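The values are calculated or read from the model by the stated rules, or taken from the named source; none is laboratory data. Since this is a predicted model, take the numbers as computed values, not measurements. Glycine gets a Cβ as well: all are built from the backbone with ideal geometry, and neighbour counts include every protein chain shown. When the accessible area is computed, the model is the full protein with side chains, heavy atoms only, and any ligands, DNA or RNA have been set aside. Shrake-Rupley method; radii C 1.70, N 1.55, O 1.52, S 1.80 Å.
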Amino acid sequence: MGRSRRTLPEELLLLALDPTTGTTAQPQSLDLGLAGAQLVELALAGRIAPDGDRIAVVMPRPTGDPTLDSALELLRRRGSPVRAVHWIGGPRLGLRQIYLAHLERCGMVHAVAGQMCGVLPTTRYQATDTAISRDIRTRLDSAIRTGVPPDPRTAALAALAHAVGLGKHLYPGNEGRSSRSRLRDLIRHDPMGGLVAHAVMDVQNGVAAQPRRAPAPSGRQPAVSMQARRGGMARVAAH
């Protein structure tokens with residue numbers, strides 16, 4: 001994958017980066033969104049595909065992007081399709097810092113050292129080319145305001161932006177209410193983006209529902225002891 005096209009994780013992070021403060025909006029949920037953006041980007045590259053609410057590797061060949069290929073290799077090692085909500089909520093937090101360092105190496109942002117309260121060291125990030133951020137925002141604004149169905153990449157970006165709560169950052173106040181609503185509605189324009197966005201929101205809400213089980217053939221519910229139920233709940237939690 002060449003560097004002529006920015007990846008969705010890069011675009012989502014640049015969209016969240018405040019040009020005034022040099023900080024990112026929604027830092028906690030942004031890690032989840034970046035994990036989801038990796039999945040969508042890998043799907044767009046033909047490396048993975050949705051399988052119900054799960055993600056399956058269909059082509060393990062590397063993309064050439066180190067951060068994406070790391071995620072692809074982890075998915076490949078699973079050996080079987082993994083539920084999107086479990087992947088996004090897995091122990092891979094810290095992606096925000098990984099991608100900020102990645103953007104710095106690529107020359108898209110530069111780090112500015114500072115101090116908080118004159119004591120604690122801080123690092124802020126400024127975009128080196130504001131035209132890139134403007135282009136991303138223009139694509140999103142156009143999709144919201146024109147009503148024309150966006151391309152899959154822009155639709156997925158909108159879905160992820162909504163999922164991590166960037167709507168109130170991008171379109172604040174009462175005057176931005178209709179734009180936030182349309183941002184949410186763009187989820188339906190890309191199936192993979194929608195799947196991932198809903199998984200991101202489910203993780204934030206503490207929801208990781210298991211697939212529904214088929215009813216018992218006799219029509220009767222088998223008797224299950226409280227101890228067995230608790231054991232089943234413990235096994236679910238372990239996953």
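Take the residues in segment 88-112 that are of a type in the set (Lys, Arg) and open to solvent by less than 90 Å² (accessible area, probe 1.4 Å), then tell me which one is modelled with the highest pLDDT.
Only one residue tops the list, namely ARG96.
Could you check segment 151-162 and list, in sequence order, the residues that are in a helix (DSSP H, G or I) and either of a type in the set (S, T, N, Q) or open to solvent by 60 Å² or more (accessible area, probe 1.4 Å) (or both)?
PRO152, THR154
When VAL148 is evaluated against the numbered criteria (1) assigned to a helix (DSSP H, G or I); (2) open to solvent by 80 Å² or more (accessible area, probe 1.4 Å); (3) closer than 24 Å to HIS189 by Cα, which criterion, by number, is the only one it fails?
If we test VAL148 against (1) assigned to a helix (DSSP H, G or I); (2) open to solvent by 80 Å² or more (accessible area, probe 1.4 Å); (3) closer than 24 Å to HIS189 by Cα, just (1) comes out false.
Count, please, the residues in segment 113-145 that happen to be closer than 22 Å to VAL200 by Cα and either open to solvent by 70 Å² or more (accessible area, probe 1.4 Å) or among the β-branched types (Val, Ile, Thr) (or both).
The total comes to 3.
Filter segment 1-37 down to the residues that are without any contact (Cβ under 8 Å) to a residue 40 or more places away in the chain and either of a type in the set (A, V, I, L, M, F, W, C) or part of a helix (DSSP H, G or I) (or both) and list them by number.
Across segment 1-37, the qualifying residue is only GLN28.
Take the residues in segment 39-70 that are in a helix (DSSP H, G or I) and touching a Phe, Trp or Tyr at 6+ places or on another chain (Cβ under 9 Å), then tell me which one is most open to solvent (accessible area, probe 1.4 Å).
Of everything passing the filter in segment 39-70, THR67 is most open to solvent (accessible area, probe 1.4 Å).
Scan segment 163-181 for residues that are open to solvent by 10 Å² or more (accessible area, probe 1.4 Å) and over 21 Å from GLY22 (Cα atoms) and jot them down.
Passing the criteria: GLY173, ASN174, GLU175, ARG177, SER178, SER179, ARG180, SER181.
Inside segment 71-85, can you point out the residues that are open to solvent by 50 Å² or more (accessible area, probe 1.4 Å) and among the basic types (Lys, Arg)?
ARG76, ARG77, ARG78
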